[in-house]
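Notes follow the structure.
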Amino acid sequence: MAYPVADDPTAVFGRRVIAALIDALIVLVPTFLLASAEFEYLSVADLPVSAEQFCEDRMDDGQVCADFSDVDDRVYFADSSFPAATGWYWAANAILLVVVQAFTGWTIGKLLLGIRAVDEMGRPPGLLKALVRWLLWIVDGFPYVLPLVGFIVGLTTVGHRRVGDMAAKTFVVGRAAAGSPVVVPGVTAPPAPTGWGAAPAPAPPSAEGPQWDEARGTYIQWDADQQRWMQWSESTRTWSPI
């Protein structure tokens, strides 16, 4: 049985990859420039020892040293902590990927590509979920030079969720789908029957006045006490606000 994909709000994986590259550049390019600015250099002619020995001595002291004597007759060295670059890296991650995304659903990359990170109800994920998504990059980012785990899991799973999304119970959807409950057949709603002779929609749950909603793939009903529409979750057997 195939899942319908035409109306899948999470079918934005290509844009999501490009957005992630944009966000990575926003964080990493200034990090690299700040780290480069912290390097000092000496001409090989001014070294008291050979360039190779100079670098060995510096690295024994916990510094970073690069011998470019074959290129410009200089040796570059710096404190390995790179305080300015390190400060920018963590601050940019915390502000852009956690705080901003927590309350808006977007990063700069997502904003440019027209996608949003949301919770199951289509709302911005909030601080805790955004933090979990970010922390789980320790898994999704493996092997770190290229985040293959996150790419493969996000590409192949129903709902296109990487490990961080699964742990935080979040989705990445198109901008137009944000603000409404995320309906993904097989994840947040029962798979819709397809093909000739498919079984009819299941019998409605025991509640007053439920109506089958094709767009959401589940039942909805008006709750007079709460004065709002509710939708049925087959997986949890409960009603929740739309």
Within the chain, excluding any GluC sites (Glu not before Pro) found in a DSSP loop (not H, G, I, E or B) and having at most 10 other Cβ atoms within 10 Å, the longest uninterrupted segment runs 1-207
Note: residue 144 to residue 52 extended length (0.36 nm per residue) minus current alpha-carbon separation gives 30.1 nm
Scoring the chain by relative contact order with C-alpha pairs under 8 Å, at least six apart, yields a percentage of 19 percent
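A short reminder: the numbers here are calculations on the coordinates, not readings from a lab. Keep in mind it's a predicted model, so treat the numbers as computed, not measured. Counting neighbours? That spans all protein chains shown, and the Cβs are built from the backbone with ideal geometry, glycine included.
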